[in-house]
Amino acid sequence: MTERFKISETPIIVDEVTEKVVSRNAGAITVFIGTVREMTKGKKTLSLQYEAYPAMAIKMFEQIEREMLEKWPETKLAITHRVGKLDISDIAVVIAVSSPHRKIAYEANEFAINRIKQIVPIWKKEHWEDGTEWIGNQLENVPYPTGAPKEDLHD
């Protein structure tokens, strides 16, 4: 089976993610490519550092897929998110969605990126000209039976 959900330490190849959702029943494939931008709220970004709890991130990608299939049963989803140091214009995330119809593919793709930001344990450290800051409160929204696995955050 194709690995449709992945946390990667290497650059993401967009075509590889897209190929995972190709279907004979797809009339549309949308691809969202999230890149590192230079300016954020008036601050110049030098680079980003992404960290994740990979095992839980994959589980949350799978949850997003289940939620998506409830709303749009004929869709197919693939997500790859990069971790590590990323420079300006580097690709941080690729989300591919296929569907029989384009409107659904667009809606489902937007749904996926919004849910990633809400529930997936991925954090980014913004490196600006004047300092740094960790961003990402997803950990607070992820249900852990025994609490957050803090010792595993840097695997």
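Screening residue 140 with (1) part of a helix (DSSP H, G or I); (2) modelled with pLDDT of 95 or more gives one miss only, at (2). All conditions but one from (1) of a type in the set (Lys, Arg); (2) over 14 Å from the mean Cα position of the chain (by Cα); (3) open to solvent by less than 50 Å² (accessible area, probe 1.4 Å) apply to residue 82; the one that does not is (2). Given the condition in a loop (DSSP other than H, G, I, E, B) and closer than 22 Å to residue 133 by Cβ, answer yes or no: does some residue in the stretch 102-115 qualify? Among the residues of the stretch 102-115, not one is in a loop (DSSP other than H, G, I, E, B) and closer than 22 Å to residue 133 by Cβ, which makes the answer no. Looking across the stretch 53-77, just one residue is of a type outside the set (Phe, Trp, Tyr), touching a helix residue (DSSP H, G or I) at 6+ places or on another chain (Cβ under 7 Å) and either at pLDDT below 95 or in a loop (DSSP other than H, G, I, E, B) (or both), and that is 75.
Residue by residue, here is whether (1) of a type outside the set (Phe, Trp, Tyr); (2) surrounded by 19 or more Cβ atoms within 10 Å (Cβ to Cβ); (3) over 23 Å from residue 13 (Cβ atoms) holds:
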residue: 62; (1), (2), (3): yes, no, no
residue: 67; (1), (2), (3): yes, no, yes
residue: 71; (1), (2), (3): yes, no, yes
residue: 76; (1), (2), (3): yes, yes, no
residue: 105; (1), (2), (3): yes, yes, no
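Of note, residue 22 satisfies the criterion of being under 18 Å from residue 98 (Cβ atoms), in contact (Cβ under 8 Å) with a residue 24 or more places away in the chain and surrounded by fewer than 16 Cβ atoms within 10 Å (Cβ to Cβ). Answer yes if at least one residue in the stretch 38-52 is in a helix (DSSP H, G or I) and surrounded by fewer than 16 Cβ atoms within 10 Å (Cβ to Cβ), and no otherwise. No, the stretch 38-52 has no match at all. The residues of the stretch 1-36 that are more than 15 Å from the chain's Cα centre (by Cα), modelled with pLDDT under 95 and of a type outside the set (S, T, N, Q) amount to a single one, 1.
The values are calculated or read from the model by the stated rules, or taken from the named source; none is laboratory data. As the structure is a prediction and not an experimental result, all values here were calculated from the model. Because the Cβ atoms are built from the backbone with ideal geometry, glycine has one as well, and the counts that use them run over all protein chains shown. For the accessible areas, the whole protein counts, side chains as well, though only heavy atoms, and no ligand, DNA or RNA atoms are used. Shrake-Rupley method; radii C 1.70, N 1.55, O 1.52, S 1.80 Å.
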